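K.L.:
Please read through the structure below; I'll follow up with questions.
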Amino acid sequence: MKKVNQNNTMLKRLQFVFISFCFFLGSSSSFADDYPSILLKNKKMEVLIFLPNKTNSYYQAARFDWGSMVGQITYKNHTYLQQWKNYNGRGAEGVHDPLIPNTGTGLAEEFITPLGYDETDANGYFVKIGVGVLQKKEKKDYSFAIPYTIIDEGKRTVQSTESSVTFTHRLNSALGYGYVLERTYELKDNKLIVKHTLRNTGKKRIVTETYSHNFMQFDFGAFNPDYSLKFLNGTINPANCKLVSPNRVKITENKIDIVEDFPDYSPCFGMLELESKKGNFHLQNKKTRMSVTMELDTDVTSFALWMWQKSFCAEPRVTIDIEPNQTAQWESTYTFNN
């Protein structure tokens, strides 16, 4: 009888832990193909977001911010992001490996500069915001494609409601770099609002660019001449836009049109020269009328473009420059229509 009571007590404790975990994440916590996730939703829209951790999360590599893995956005039964299942970072379906740097998906965000990389010796340590403290591999130049060893991933917390979730990442390092990064995803009607706050808690200045990769794909279809990207508040200089495979697109001052089908995963990519500091854009399929608009509340300093058969990535980049004890804030709003 005593053994049965002990087992019952243990069962109740396990039930309490599970219930507390679900309450902490909100009523829409779930597991998508064994990856812990949360589903934000309203009457017309759902947003699947993968939860960050170092054991079984969708992304655990050294390039992208772990707390930025928005897996899918569905509005009026239409999907807007690339397929995250089996995404291997190389195009065609394969086996997804969370430890490969290029396997970030959806609205994956990156802080580009590896803080302290040039200051440390071979096999020394540096900081990647949103990831943690990483270890150098010999005397090679930094590359986001290298699977650097993560020495300290910092501390992460998650708070959520039915229509919002906030990820907080805290890192204190012996390298002089430290920060508290907070990102909130919030649903409002047909909009997804992404709010960022980065506070410098270290002794050294933080200077970096940041962006969302924006892996857009409408209803999992291939890209073709039905698609165009329009700049809303600014213009670009077509003559100084350096692209790989430029014949696949037509670039004018405020618009990029796809002019031929993308039959494979050979990419068209490069940097666009902005005539102004506004990076707001509108991506649309003129046949289906599906579209997404991204608007930022701050100026951008550069703009990258990446596209292949099943992903169109427009990437306005924001520069962050904060001294110790200072804070930077910026916000992105995505609007979906069909």
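The values are calculated or read from the model by the stated rules, or taken from the named source; none is laboratory data. Remember, predicted model here, so these are calculated numbers, not experimental data. So basically every Cβ, Gly included, is an ideal-geometry build from the backbone, and we count neighbours across all protein chains shown. Ligands, DNA and RNA are stripped out before the accessible areas are found, and what is left, the full protein with its side chains, is counted by its heavy atoms. Shrake-Rupley method; radii C 1.70, N 1.55, O 1.52, S 1.80 Å.
K.L.:
Considering only region 90-120, how many residues are of a type outside the set (A, V, I, L, M) and farther than 14 Å from Y142 by Cβ? Talk me through it step by step, then tell me what you get.
P.N.:
Narrowing region 90-120 to residues of a type outside the set (A, V, I, L, M): 90-91, 93-94, 96-98, 101-106, 109-111, 113-114, 116-120.
Now restrict to residues that are farther than 14 Å from Y142 by Cβ: 90-91, 93-94, 96-98, 102-106, 109.
Final tally of qualifying residues: 13.
K.L.:
Which of the strands (runs of 3 or more DSSP E) found entirely inside region 85-200 contain at least 1 residues meeting this: in contact with an Asp or Glu (Cβ under 6 Å, 6 or more places away or on another chain), open to solvent by 20 Å² or more (accessible area, probe 1.4 Å) and touching a residue at least 60 places away in the same chain (Cβ under 8 Å)?
P.N.:
164-172, 191-200
K.L.:
Here's a follow-up. Checking K188 against (1) closer than 30 Å to C268 by Cα; (2) out of contact with any strand residue (DSSP E or B) (no Cβ under 6 Å at 6 or more places or on another chain), which test does it fail?
P.N.:
Result: K188 passes all but (1).
K.L.:
Then there's this: Can you spot a residue in region 106-114 that is over 23 Å from N53 (Cβ atoms) and not aromatic (F, W, Y)?
P.N.:
We begin by selecting, within region 106-114, every residue over 23 Å from N53 (Cβ atoms); these are 112-113.
Still in the running and not aromatic (F, W, Y): 112-113.
Checked against the condition, which is being over 23 Å from N53 (Cβ atoms) and not aromatic (F, W, Y), region 106-114 yields at least one hit.
K.L.:
For region 292-337, which residues satisfy the criterion of being β-branched (V, I, T), assigned to a strand (DSSP E or B) and surrounded by 15 or more Cβ atoms within 10 Å (Cβ to Cβ)? If you could, list the steps in order and put the result at the bottom.
P.N.:
Taking region 292-337 first, the residues β-branched (V, I, T) are 292-293, 298, 300-301, 318-320, 322, 327, 333, 335.
Right, trim to assigned to a strand (DSSP E or B) and you get 292-293, 318-320, 322, 327, 333, 335.
Selection gives V292, T293, V318, T319, I320, I322, T333, T335.
K.L.:
Considering P263, P246, P225, which residue is touching a strand residue (DSSP E or B) at 6+ places or on another chain (Cβ under 6 Å) and free of Cβ contacts under 8 Å to residues at least 60 places away in the same chain? So that I can check it myself, show each step before the final result.
P.N.:
Working: P263 fails: touching a strand residue (DSSP E or B) at 6+ places or on another chain (Cβ under 6 Å); P246 fails: touching a strand residue (DSSP E or B) at 6+ places or on another chain (Cβ under 6 Å).
Unique residue meeting the criteria: P225.
K.L.:
To continue, here is another question. Just wondering, is there one or more residues in region 208-216 that are open to solvent by 50 Å² or more (accessible area, probe 1.4 Å) and either of a type in the set (D, E, K, R) or free of Cβ contacts under 8 Å to residues at least 12 places away in the same chain (or both)? Can you show your working first?
P.N.:
Start the filter on region 208-216 by keeping residues that are open to solvent by 50 Å² or more (accessible area, probe 1.4 Å), which leaves none.
There is no residue in region 208-216 that is open to solvent by 50 Å² or more (accessible area, probe 1.4 Å) and either of a type in the set (D, E, K, R) or free of Cβ contacts under 8 Å to residues at least 12 places away in the same chain (or both).
K.L.:
Can I ask one more? Which residues, taken from region 254-278, are open to solvent by less than 60 Å² (accessible area, probe 1.4 Å), of a type outside the set (A, V, I, L, M) and within 13 Å of L243 (Cβ to Cβ)?
P.N.:
S266, P267, C268, G270
K.L.:
Spot the failing condition for R289; the list is (1) touching a residue at least 60 places away in the same chain (Cβ under 8 Å); (2) of a type outside the set (F, W, Y); (3) surrounded by fewer than 19 Cβ atoms within 10 Å (Cβ to Cβ), and only one is missed.
P.N.:
So the condition that R289 fails would be (1).
K.L.:
Could you list all residues from region 234-243 that are in contact with a Ser or Thr (Cβ under 7 Å, 6 or more places away or on another chain) and touching a residue at least 40 places away in the same chain (Cβ under 8 Å)? Write out each step before concluding.
P.N.:
Going through region 234-243, the residues in contact with a Ser or Thr (Cβ under 7 Å, 6 or more places away or on another chain) turn out to be 234-235, 238.
Hits for region 234-243 are G234, T235.
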